[in-house]
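> This structure is in structure tokens; I'll ask about it shortly.
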Amino acid sequence: MQQSGVPYFSQWETPGMTLPVLAEGSKALLGDSLWRHSGATTIEEYARWAVNVCGMACLKMILAARGEIHPTLELARACTAYGGYVVNELDASIKGLIYAPFVRFATDRFALSAETMTGVETSAIPDLLSRRRFFIASVNSGIRWPEREPPSKGGHLVLVTAASQGAIRFHNPSGHDAASQADVTLPLAVFDRFFANRGISVDA
């Protein structure tokens, strides 16, 4: 497959932070010198949020494809106001992305046409993309290592930009190197091992 032409953004401001985060957890992000670009007010806020914003990175890429650049945490704050994230200040946990509020947010704020999709067979993704330009797919984050067997499906979001009967192309906000970040192309059968059969179709 050819390159998508869709701008790529990591969920970290420094795209090479994936392996440190996997090794050390979110505290690794306290060393991300580019954190201010995220829209966070402090580096601590950035480190807390960045591990949860794969969905906002996907939205940022969709908006960038039509020429708009929005800081990732600004998107996250606005989406939280719609209920797309639930923030617990007692234990500092962040729950999300919650699909239905995200769809309302994307529609209201950016005039995107978006729809929550469940029970999506991997083989149906090419047809889905013929009707809407993008599909934000729930996959296991281990898809960065497609040769490995994932322990489960879902839990992480990637932006699917193209699919045929044999292969699928996507941007992964937490890819660990160039080959696993932008315009990743995998056989549909491999993608299926990670895909939770749900996501959000979006037309910009």
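The values are calculated or read from the model by the stated rules, or taken from the named source; none is laboratory data. Values in this document were obtained by computation on a predicted structure and should not be read as measured data. All Cβ positions, glycine included, derive from the backbone under ideal geometry; neighbour counts span all protein chains shown. SASA here: full protein model, heavy atoms, side chains in, ligands and nucleic acids out. Shrake-Rupley method; radii C 1.70, N 1.55, O 1.52, S 1.80 Å.
> Can you list residues from other chains, or at least 5 along the same chain, whose modelled amide H is less than 5 Å from the amide H of Ile168?
Leu186, Leu188
> Oh, and also: Taking the solvent-accessible surface of protein heavy atoms with a 1.4 Å probe, what is the per residue accessible area of the chain in Å²?
So the chain comes to 44 Å² accessible per residue, rounded to a whole number.
> Follow-up. Report, in deg cm²/dmol and to the nearest 500, the calculated mean residue ellipticity at 222 nm for the chain, where each DSSP H run with n ≥ 4 adds -39500 (n - 2.57) and the sum is divided by the residue count. Each step should come with its number before you reach the end.
Working: 7 runs with 63 residues, N = 204.
Calculated at 222 nm, the ellipticity per residue is -8500 deg cm²/dmol.
> Taking all protein chains as present, what is the carbon and sulfur share of the accessible area of segment 27-84, in % to the nearest whole number, probe 1.4 Å?
Carbon plus sulfur share of accessible area: 55 percent.
> Leaving out ligands, DNA and RNA, what percent of the accessible area of segment 91-202 is carbon and sulfur, probe 1.4 Å?
Using a 1.4 Å probe with all protein chains present, segment 91-202 comes out at 50 percent carbon and sulfur.
> A further question follows. Please list, ordered by chain and number, the residues whose modelled amide H lies under 5 Å from the amide H of Leu112; skip anything fewer than 5 residues away on the same chain.
The answer is Thr107.
> I need to check one value: relative contact order of segment 148-193, counting alpha carbon pairs closer than 8 Å and at least 6 residues apart, in percent. Each step should come with its number before you reach the end.
Values: 54 pairs, mean separation 14.9, N = 46.
Rounded, it is 32 percent for segment 148-193.
> Remind me, relative contact order of segment 9-82 in percent, using alpha carbon pairs under 8 angstrom and six or more residues apart?
Dividing the mean separation by the residue count of segment 9-82 yields 32 percent.
> Spelling out what I want: for every residue of segment 173-188, take phi, set θ = phi - 60°, compute 6.51 cos²θ - 1.76 cosθ + 1.60 (Karplus), and round to whole Hz; glycine and proline get x.
Ordered by residue, 3J(HN,Hα) equals x, 10, x, 9, 8, 4, 5, 10, 9, 9, 6, 5, 10, 10, x, 4 Hz.
> Spelling out what I want: for every residue of segment 64-75, take phi, set θ = phi - 60°, compute 6.51 cos²θ - 1.76 cosθ + 1.60 (Karplus), and round to whole Hz; glycine and proline get x.
5, 5, 9, x, 10, 10, 10, x, 4, 6, 5, 4
> Can you list residues whose amide H is under 5 Å from Gly155's amide H, if they're 5+ apart or on another chain and H is modeled 1.01 Å from N?
Placed amide hydrogens put Val139 under 5 Å from Gly155.
> Per-residue accessible area for His176 at 1.4 Å probe radius, Å² rounded to 10?
Accessible area, nearest 10 Å²: 40 Å².
> Another question, then. Of the trypsin sites (Lys or Arg not before Pro) in segment 132-190, which ones lie in a loop per DSSP and count no more than 14 other C-beta atoms within 10 Å?
Sparse-neighbourhood loop trypsin sites (Lys or Arg not before Pro): Arg148.
> Quick one: what are the phi-derived ³J(HN,Hα) couplings along segment 40-57, Karplus 6.51/-1.76/1.60 with θ = phi - 60°, whole Hz, x for glycine and proline?
For segment 40-57, the Karplus-derived couplings read 5, 8, 9, 5, 5, 4, 4, 4, 5, 7, 4, 6, 10, 10, 4, x, 5, 5 Hz, x marking Gly and Pro.
> Where in the chain lies the longest segment free of GluC sites (Glu not before Pro) that are both loop residues by DSSP (not H, G, I, E, B) and have at most 16 other Cβ atoms within 10 Å?
So the longest stretch without any such site is 1-67.
> Another question about this same structure. Let me spell out the model: positive unit charges on the Cβ of Lys and Arg, negative unit charges on the Cβ of Asp and Glu, origin at the Cα centre of segment 50-99. What dipole size does that give, in debye rounded to 20?
Dipole size: approximately 160 debye.
> Return a whole-number percent for the relative contact order of segment 57-162, with Cα pairs under 8 Å and 6 or more residues apart as the contact set.
The value is 18 percent.
> Please name whichever of Leu186, Pro173, Pro20 sits farthest to the positive end of the charge dipole of the chain, dipole taken about the Cα centre and charges placed at Cβ: Lys and Arg +1, Asp and Glu -1.
Of Leu186, Pro173, Pro20, it is Leu186.
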